[in-house]
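Below is one structure, written out as structure tokens, with a few remarks after it.
Any read-out appearing in this document is the output of simple, stated calculations on the displayed coordinates, not a laboratory observation. The structure presented is a predicted model; accordingly, all values stated were derived computationally and were not measured. All Cβ positions, even for glycine, are placed from backbone atoms using ideal geometry, and neighbour counts span all protein chains on display.
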Ligand code: IVH
């Protein structure tokens, strides 16, 4: 048994190491260890903290996974009000600001600090004796919401400060902006779209939505960034200038923006303004202007505050990246999965430096909500960049005799049926042979967890489709050696290998064949359930929604998708061609050896498994009547963890779920 005092020493050491690595990663951008090594240290600390909960400290590096939801946010009063900034809408107004400042200070030129104006959410962080104590939103400037639990989940936010040549003040309040990078915003929205959740309009809304979650475990999953740029109350303020303050923040462990500059006089600040307005296009996050601050703190004091904003600072706003234009037509564009996205073709306009001629309308619900019609004048914007979108219709300009837009009932590419299944945001072309979808479908069909046709990768498939050698997955089974030999970089031997691989796939297991067809909402797991239940493809093809939903774990959405798939005539043809091409899926006899230790039990595999592949381990569980899942919850019975397991393992431990090593799992199988 390890002594409590030794545990404390180990916890302290691990915490120090993790903090140091965090600092190197987030502040210096110069990590010393791999992510896997970092995860290992983190896991060891988490394990010790689970065993010795009394030793967990509020500033532990493990405190970033979020905690149980709150009923509501408390409030937190700002010790000094959080002011806002006066705006300059153009360069002239920046010069007027400078004139006012010079007049009050009675000087010839003023030294300024120029910074990007980050487009996120202002927050205040409070540190006592160098430890993060609490944090709040700006609120009305006097009182904000206490969002401490959420702020703690932000990876770049230091939970404990580092001493530098300037000691950390006993009480330190710092202010900054929480925001999302474009790439993270796009990932988040793509993910939400696939889950049929409503989309965030822009990175700022997404950051705000994430920060105002009552359940901080959700916040923890959003890759929020923070940059600090101002002081609140600080005991024995040790600085003479804002620049000095900004130079010290990173030394204490705070992330600050990398584009902050000293400007001697307003003309240099104006150059900065112009430079940043162009740089705006290439920055990985949104800024909506710059902020110019008088550098000298005595001068700031002298200038003071006017109503709710300081006289020593101003925001130089950029021109909005919104524009109005006219919708010339609306087209339904078909993606690889058959998803149909309505796109507005616009009268081209300049928007933030690029010509915009198209804007996404997302899906039918979004079109209905905004009521976008051909002929409408619309306000468009670039939200989190890349694809512009329609903000709203200018109804005053609507011409007579416009009609509401409806996504067509037949696919504009192939003429197949277009359907929107219940609970889906998008419409889909149901025709598996639709050429817009062909390459993606064939790729999926041939992939490892489907028909497993070795060598049939995207490059080859694209060539075959482009040469019109294949149009559907069935055509794979009619390819000749001559067809293949005629392709770029295809030696005779490789052509033979590919034909062998195609041949081998003719007799794959039924579940692989079902999975390979790419029926919406029917993944690998559902395919196995269906194969086990029906035992023949013909029986599956005859199934009704009612009979399908009776199968354990097959829900109404998957059931409807299966029935829709088999009622599409193009698919009948395809299945006949596959059959005539010699594809005869095998139905192995039921291998279910129900085993009480497995029956109905839910397993989650995590980490790098060394003794078996994840697929084979899942198979072993399923054939014994157990189930596998991708994430850990209260319902999980076992987590099997290999080396490098991270958050899932931590979650299992925090929920008290039994954790097995690979050896222990193999022992259970015996
Ligand atoms: S300084 C008294 N610096 O803009 C000055 N603010 O309109 C306090 N903001 O609420 C703010 N980037 O959320 C400052 N580099 C920056 C900023 C910045 C963004 C936000 C902040 C503030 C708002 C004022």
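Each residue in 312, 243, 252 was given a count of other beta-carbon atoms within 10 angstrom of its own, and listing them fewest first yields 243, 252, 312. Counting only alpha carbon atoms, the long axis of helix 614-623 and the longest principal axis of the chain meet at about 50°.
By the count of other C-beta atoms within 10 Å, a proxy for reagent exposure, 601, 170 are ordered fewest to most as 170, 601.
Put simply, the convex hull of the Cα atoms in the chain casts, on average, a shadow of 37.0 nm². Over all Cα atoms in segment 509-608, the spread is summed up by Rg and Dmax: 14.8, 45 Å.
Label separation (residue 306 vs residue 77): 2.9 nm, computed from points 7 Å beyond Cα along the C-beta direction. Residue 541 to residue 503: FRET efficiency via 1/(1 + (r/R0)^6), r the Cβ-Cβ distance, R0 35 Å, to the nearest 0.05? E(calc), rounded to 0.05, equals 0.90.
One Cα centroid belongs to segment 247-319, the other to segment 326-396; the line between them spans 34 Å.
Annotation for segment 499-513 versus segment 12-47: alpha-carbon center distance of 46 Å. Dimensions of segment 397-442 from C-alpha coordinates, computed as largest minus smallest value along each principal axis and given longest first, are 46, 24, 16 Å.
Over the residues of the chain, the helix contribution to mean residue ellipticity at 222 nm works out to -11000 deg cm²/dmol, using -39500 (n - 2.57) for each DSSP H run of at least 4.
Among 263, 434, the ranking by other beta carbons within 10 Å of each residue's beta carbon, starting with the fewest, stands as 263, 434.
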